[in-house]
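Read through the structure below, which is laid out as structure tokens, and then see the notes.
The values are calculated or read from the model by the stated rules, or taken from the named source; none is laboratory data. Note that the structure is predicted; figures quoted are calculated from it, not measured. Just the protein is used for accessible areas: all its heavy atoms, side chains included, with ligands, DNA and RNA removed. Shrake-Rupley method; radii C 1.70, N 1.55, O 1.52, S 1.80 Å.
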Amino acid sequence: MEEQVQKQKKKYKRKGQRKEVLFKDDEWEVVKRNAERMNLSTTKYIVKMSLNGNSVPQDFFDVAELTRQLSRIGTNINQLARKANTINNIYAEDYERMREEYAHLCLLLKQKISMLRRTAA
């Protein structure tokens, strides 16, 4: 019987070092919730976070807005190209509207990149 117990211990023995970490109850709840959100066990989550650093969840709503704006600009460019090919001319106000939308998109991109840099640091 003792031999079987030793075999089982060897079977489940992992290579590496076992460390004990003490979490407050509210901290442990956060760890569990974050691990679930990443579809990891709490052990794998703690190891991953210890090795790779803090994972900051990103809000992709801004990215969706940028994509929508970019799509609008692409549509406008196609309309201007069609108009230019049809009448061999484009109107200044069409060009100005497209330039303003482009400037707005650049501003949104700069703001998002700046925010991502702040949260990554």
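Where helices (runs of 4 or more DSSP H) fall wholly inside the stretch 1-83, the ranges with 3 or more residues that are over 30 Å from Ser114 (Cα atoms) and at pLDDT 85 or above are 25-37, 42-52.
Is there a residue being aromatic (Phe, Trp, Tyr), under 19 Å from the mean Cα position of the chain (by Cα), on the phi < 0 side of the Ramachandran plot and open to solvent by 60 Å² or more (accessible area, probe 1.4 Å) anywhere in the stretch 47-70? Checked against the condition, which is being aromatic (Phe, Trp, Tyr), under 19 Å from the mean Cα position of the chain (by Cα), on the phi < 0 side of the Ramachandran plot and open to solvent by 60 Å² or more (accessible area, probe 1.4 Å), the stretch 47-70 yields at least one hit.
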